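Colleague: Would you mind keeping the following structure in view while I ask a few things?
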Amino acid sequence: MTVTPFRIDVPQARLDELAARLRNALYPNELPGVGDAYGVPGDRVRALAKYWLEEFDWRALESELNAYPQFTTEIEGEDIHFLHIRSSRADATPVILTHGWPGSILEYIDVIAPLTEPESADDPAFHLVIPSLPGFGFSGPTRGTGWNRYRTAAAWAELMARLGYERFGAIGNDGGSLVSPEIGRIAPEQVIGVHVTQLYSFPSGDPAEFEGLSEADMAALGHLQWFHENKMAFNTLHSQQPQTLAYALADSPIGLLGWNAQLFGEALDPKFVIANIALYWLTGTSGSSLRFYYEDAHATEHPSTPTTVPTGLAMFAGDFQSIRRFAERDHSNIVSWNSYDVRSGAGGPNDAAGHYAAHEAPEVLVGDIRRFFAGLA
């Protein structure tokens with residue numbers, strides 16, 4: 001199948017319409033003194049909206065992205081967009097990096113240079129393929145149903161084969177941490193190893209699983225319970241009625257900003273937050289991206305055996321805390337398990353520091369990726 005060069009060029013009329021909507025935005029009533037107890041507070045949304053209207057430069061971001069080789073190719077009826085940056089090193093390892101929601105390919109911009117062209121010849125180098133998930137950014141909106149983690153993983157295996165990579169690694173964050181292990185399951189002979197920032201393995205319901213868990217693991221379970229009770233509304237709505245929400249997000253950049261900002265921590269720089277949200281708005285994928293959750297929740301595939309390819313975890317203290325006992329039930333070949341703390345304290349208890357590690361702590365993540373793949377040689 002054809003791989004076609006791609007260049008971003010959003011029509012100026014689209015940018016002008018966005019500016020008008022931001023200037024004329026209607027804001028909801030808000031109770032005083034409740035902070036974020038009822039959701040993302042208005043002062044944060046207003047501040048980000050002001051930055052979006054007055055300071056954010058889409059054309060500068062467009063130029064930055066267009067400096068990298070970009071392509072599209074059709075896989076199973078969908079136009080898949082991806083960056084493809086090859087290292088100058090002959091010994092470079094091909095890897096495919098997958099983002100999640102409400103992130104995008106922008107998560108990985110800061111790791112492109114150190115991964116492709118490391119300063120030291122002793123550090124491994126990589127050829128990078130960074131696709132937009134089906135229904136996200138320039139890979140959307142999707143035209144068909146069924147784009148869950150399993151179908152996406154199969155598409156990514158096809159993409160790497162189409163690019164001529166017979167052996168490659170898979171790297172993921174957030175939704176990418178769901179997709180990447182499945183690439184290894186689908187193509188174990190091709191996948192060298194899987195490196196993720198979350199291993200989403202949960203208790204099975206057997207009380208015996210909790211016996212002898214460490215204090216750290218029990219604390220991780222407590223945090224998971226807190227997140228489920230206080231922050232999981234997005235997951236439930238996306239999984240059940242994504243189209244109902246899509247009307248509001250597609251019609252209002254402020255609505256999109258408020259909804260997506262709930263999972264962009266307060267300590268993140270506004271340029272990163274708005275760049276990701278603007279990408280959803282300007283590609284018309286605010287609604288189609290939500291369908292990933294619906295398709296995943298309604299998937300009929302449910303593998304009953306663990307993955308077998310070498311797997312590495314780089315976990316960050318403010319993010320989802322994986323528990324090794326549960327992870328080893330789902331992944332039989334975990335060879336690297338590291339935890340890092342990059343919290344600054346600036347964002348408060350809801351900040352989830354490190355969730356966008358490739359942006360927040362690129363040196364830390366790059367170092368872990370290098371060590372993981374070097375250990376597989």
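Colleague: With both partners inside the chain, how many of the DSSP beta bridges are antiparallel, as a percent to the nearest 5?
Modeller: Given both bridge residues lie in the chain, the antiparallel proportion sits at roughly 35 percent.
Colleague: Whole angstrom only: what separates the Cα centroid of region 165-232 from the Cα centroid of region 1-25?
Modeller: 35 Å
Colleague: Then there's this: At 0.36 nm per residue, minus the direct Cα-Cα distance, what do residue 248 and residue 16 gain on full extension? Give it in nm, one decimal, please.
Modeller: Stretched out fully, the residue 248 to residue 16 stretch lengthens by 81.5 nm.
Colleague: Amide H to amide H, which residues 5 or more places from residue 142 or on other chains are under 5 Å from it, using H placed in the peptide plane?
Modeller: 135
Colleague: Per 5 Å bin, what is the whole-percent P(r) computed from every C-alpha pair distance within region 1-81?
Modeller: All Cα pairs, binned at 5 Å, distribute as 3, 11, 15, 14, 13, 13, 12, 10, 6, 3, 1, 0 percent.
Colleague: Also, I was wondering about something else. What base-10 log of the normalised intensity I(q)/I(0) is obtained for region 261-377 from the Debye formula, alpha carbons as equal point scatterers, at q = 0.20, 0.21 Å⁻¹?
Modeller: Per q value, in the given order, log10 I(q)/I(0) is -1.20, -1.20.
Colleague: Tell me, what is a quarter of the convex hull surface for the C-alpha atoms of region 133-263, in nm² with one decimal?
Modeller: Approximately 10.7 nm², given one-decimal rounding.
Colleague: I've got another one for you. Using 1/(1 + (r/R0)^6) with R0 = 25 angstrom and r between the beta carbons of residue 235 and residue 301, what's the FRET efficiency to the nearest 0.05?
Modeller: Plugging the Cβ-Cβ distance into 1/(1 + (r/R0)^6) gives 0.85.
Colleague: What translational D, rounded to a whole number of µm²/s, comes out for the chain from Stokes-Einstein when the hydrodynamic radius is the Kirkwood one over Cα pairs, at 25 °C and 0.890 mPa s?
Modeller: The estimated diffusion coefficient comes to 115 µm²/s.
Colleague: Right, next: What are the chymotrypsin sites (Phe, Trp or Tyr not before Pro) within region 1-68 that DSSP puts in a loop, where the Cβ has at most 12 other Cβ atoms within 10 Å?
Modeller: Of the chymotrypsin sites (Phe, Trp or Tyr not before Pro), the ones in loops of region 1-68 whose Cβ has at most 12 other Cβ atoms within 10 Å are 38.
Colleague: Moving to a separate point now. Let me cross-check residue 373: its accessible surface, 1.4 Å probe, with only protein heavy atoms counted, in Å² to the nearest 10?
Modeller: Probe radius 1.4 Å; accessible area of residue 373 about 20 Å².
Colleague: Write down, largest first, the equivalent ellipsoid semi-axes of region 25-183 in whole Å, where each equals the square root of 5 times an eigenvalue of the alpha-carbon gyration tensor.
Modeller: 33, 21, 15
Colleague: Grab the Cα-Cα distance for residue 209 and residue 339, subtract it from 0.36 nm times how many residues apart they are, and report the gain in nm with one decimal.
Modeller: Extending this stretch completely gives an extra 44.6 nm.
Colleague: Here's something else I'd like to know. What nm value, rounded to one decimal, do you get for the distance between residue 376 and residue 23 when each label is placed 7 Å out toward the C-beta?
Modeller: Spacing of the two 7 Å Cα→Cβ label points: 5.1 nm.
Colleague: Then there's this: May I have the extent of the alpha carbons of region 106-194 along their three principal axes, as whole Å values ordered from largest to smallest?
Modeller: Reported extents, whole Å, longest axis first: 45, 30, 23.
The values are calculated or read from the model by the stated rules, or taken from the named source; none is laboratory data. Note that the structure is predicted; figures quoted are calculated from it, not measured. All Cβ positions, even for glycine, are placed from backbone atoms using ideal geometry, and neighbour counts span all protein chains on display. When the accessible area is computed, the model is the full protein with side chains, heavy atoms only, and any ligands, DNA or RNA have been set aside. Shrake-Rupley method; radii C 1.70, N 1.55, O 1.52, S 1.80 Å.
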